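Peer 1: Provided herewith is a single structure, encoded as structure tokens, for subsequent inquiry.
Please treat every number below as a calculation from the coordinates, not as lab data. As the structure is a prediction and not an experimental result, all values here were calculated from the model. In this analysis, Cβ positions are derived from the backbone assuming ideal geometry, glycine residues included, and neighbour counts consider all displayed protein chains.
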Amino acid sequence: DGGITQSPKYLFRKEGQNVTLSCEQNLNHDAMYWYRQDPGQGLRLIYYSQIVNDFQKGDIAEGYSVSREKKESFPLTVTSAQKNPTAFYLCASSPAGTGQETQYFGPGTRLLVL
Amino acid sequence: AQSVTQLGSHVSVSEGALVLLRCNYSSSVPPYLFWYVQYPNQGLQLLLKYTSAATLVKGINGFEAEFKKSETSFHLTKPSAHMSDAAEYFCAVSGDTGFQKLVFGTGTRLLVSP
């Protein structure tokens with residue numbers, strides 16, 4: 001089955017702790033994305049990557065970091081600098097292109113602060 | 001910069017009634033437009049997309065949307081609501097960056113009563 005997997009489903013963070021959210025895809029897509037979802041605010045782009053070993057900041061990158069060492073993997077680290085990390089995090093992937101390509105989403109990770 | 005406005009954070013219909021979810025966009029270039037659906041605690045699934053071919057786009061689960069350039073709108077409709085349509089719906093736009101970067105609306109929650 002082709003698709004996107006995210007783990008864990010729920011993640012708890014303590015004050016001052018960095019946590020890493022996993023995202024893996026087997027769709028052979030070049031582009032991958034991380035979004036943050038808060039109630040009533042829709043989805044906001046954190047980081048995106050068009051190709052291995054390259055990534056760009058989205059609209060709300062402060063307090064987050066990413067890596068793209070393999071085509072199929074795009075982990076997101078929520079650092080201690082992110083003061084309000086409680087949210088639903090969604091990973092997506094798509095073929096590279098000019099804007100009309102469909103993004104496919106994973107099931108999400110819900111991050112909660114202890 | 002592109003943007004999307006979804007009128008009504010909540011829409012309530014009776015089972016069997018017409019569903020109409022509104023989306024207006026702003027774009028300085030011909031846009032690509034998308035409707036996604038999200039069920040509770042899940043990722044997003046593509047319903048349909050407009051990519052400058054036919055202005056009336058048919059999607060999954062009996063949904064369709066019409067692109068109206070003069071009104072800068074891309075409203076989502078379904079002739080007869082089903083209980084299983086209860087979910088959150090997001091409109092999104094892309095096309096002005098030469099890359100697949102989606103800008104999402106804030107979402108509309110559809111409630112279906114028996």
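Peer 1: Need the full-extension length gain, B:Lys58 to B:Gln45, defined as separation in residues times 0.36 nm minus the C-alpha distance. One decimal, nm.
Peer 2: Here the answer is 3.2 nm.
Peer 1: Counting only C-alpha contacts under 8 Å and six or more residues apart, can you give the relative contact order of chain B as a whole percent?
Peer 2: Reported as a whole number, the value is 38 percent.
Peer 1: Straight-line reach from B:Lys49: which lysines have Cα under 28 Å away, leaving out those fewer than 8 places along the same chain?
Peer 2: Within reach: A:Lys57, A:Lys71, B:Lys58, B:Lys68, B:Lys69, B:Lys78, B:Lys101.
Peer 1: Looking at the square roots a ≥ b ≥ c of the eigenvalues of the Cα gyration tensor of chain B, which shape do they give, rounded for a/c under 1.5, prolate if a/b is larger than b/c, or oblate?
Peer 2: Verdict is prolate for chain B.
Peer 1: What chymotrypsin sites (Phe, Trp or Tyr not before Pro) does region B:7-114 have in DSSP loop regions with at most 15 other beta carbons within 10 Å?
Peer 2: Here no loop site has a sparse enough neighbourhood.
Peer 1: Sticking with the crude label model, points 7 Å out along Cα→Cβ, report the distance from B:Ser9 to A:Ile51 in nm, one decimal please.
Peer 2: With each label point 7 Å from Cα toward Cβ, the separation is 4.2 nm.
Peer 1: Follow-up. Report the local net charge at A:Phe88: Lys and Arg +1, Asp and Glu -1, summed over other residues whose C-beta lies under 10 Å from its C-beta.
Peer 2: +1
Peer 1: Now, a different point. Relative contact order, percent, of chain A when contacts are C-alpha pairs under 8 Å separated by at least 6 residues?
Peer 2: Relative CO of chain A lands at 35 percent.
Peer 1: Going by the alpha-carbon gyration tensor, a ≥ b ≥ c the square roots of its eigenvalues, is region A:5-50 rounded (a/c under 1.5) or, if a/c is not under 1.5, prolate (a/b greater than b/c) versus oblate?
Peer 2: Since a/c reaches 1.5 but b/c is at least a/b, the shape of region A:5-50 is classed as oblate.
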